[in-house]
Amino acid sequence: MIDRELSLSNLAEGDIFHGECPNGASLICLVTSVSENIIEARTVTTQLHFQFDRKTGIAKWGDEPVICTIDSVAPLPMEIHNVMLGLDRKFGQEDDPDDPDQFKLSDAEKRALIFVASFYPSNPL
């Protein structure tokens, strides 16, 4: 059995993990910083920022707080991890109205997103 608190305490800046909200929203998150009590992260595609409790793996988000929970910290294969970092950079850049294809997904990005859709549920925390 995986020790949840230990697994959460091992997350470090640059790690990627998965979270989920009660409505089924899937959150592929990049750790941006870690303190004694908080894991700060942002979603790689929508660039939403979250502060997860380092002991419970729970974050509240929105005006009417929705509870989001870290449900997998399994390390991705390096190739997939690197594609996720590229997605984070792509979606973190300014929107260019002159480039309608700016956020179009490459084949590698599509494959990586399909991979994580089954990888994280297969490796729960």
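The values are calculated or read from the model by the stated rules, or taken from the named source; none is laboratory data. Owing to the predicted nature of the structure, the values given are computational and were not obtained by experimental measurement. A quick note on method: Cβ atoms are made from the backbone with ideal geometry, for glycine too, and the neighbour counts reach across all protein chains shown. These area figures cover heavy atoms from the full protein model, side chains too; ligands, DNA and RNA do not enter into them. Shrake-Rupley method; radii C 1.70, N 1.55, O 1.52, S 1.80 Å.
Laid out as a table, the results:
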item: Mean shadow area of the stretch 1-69 over all directions, Cα convex hull, nm²; result: 4.7
item: Cleavage-rule hits, chymotrypsin sites (Phe, Trp or Tyr not before Pro), the stretch 93-125, DSSP coil, Cβ neighbours within 10 Å at most 14; result: 103
item: Accessible surface, per residue, of the chain when the full set of protein chains is kept, probe 1.4 Å, Å²; result: 61
item: ³J(HN,Hα), Karplus 6.51/-1.76/1.60, whole Hz, each residue of the stretch 93-105, x for Gly, Pro; result: 7, 5, 5, 9, x, 7, 10, x, 9, 3, 10, 5, 7
item: Euclidean distance of C-alpha centroids, the stretch 24-57 and the stretch 63-116, integer Å; result: 14
item: (1) 9.3; (2) 14.0; (3) 8.3, with the label sought being that of the calculated mean projected area of the Cα convex hull in nm²; result: (3)
item: Most fluctuating residue given options 67, 58, 16, as computed from a GNM of the chain linking Cα atoms under 10 Å; result: 67
item: Phi-based couplings in Hz for the stretch 57-67 (Karplus 6.51, -1.76, 1.60; Gly and Pro marked x); result: x, 10, 10, 10, 9, x, 5, 9, x, 9, 7
item: Under Karplus coefficients 6.51, -1.76 and 1.60, residue-wise ³J(HN,Hα) of the stretch 42-48 in Hz, glycine/proline x; result: 9, 6, 6, 9, 9, 6, 6
item: Listed residue (43, 78, 124) projecting farthest to the positive dipole end of the chain, Cβ model; result: 124
item: Lys pairs under 29 Å by Cα in the chain, provided they are eight or more residues apart or on distinct chains; result: 4
item: With Cα atoms, 0 to 90° folded angle of helix 78-92 axis to the chain main axis; result: 70
item: Dipole magnitude of the chain, debye to nearest 20 (Cβ charges: Lys/Arg +1, Asp/Glu -1, about Cα centre); result: 420
item: Within the accessible area of the stretch 73-114 (1.4 Å probe), percent carbon and sulfur; result: 53
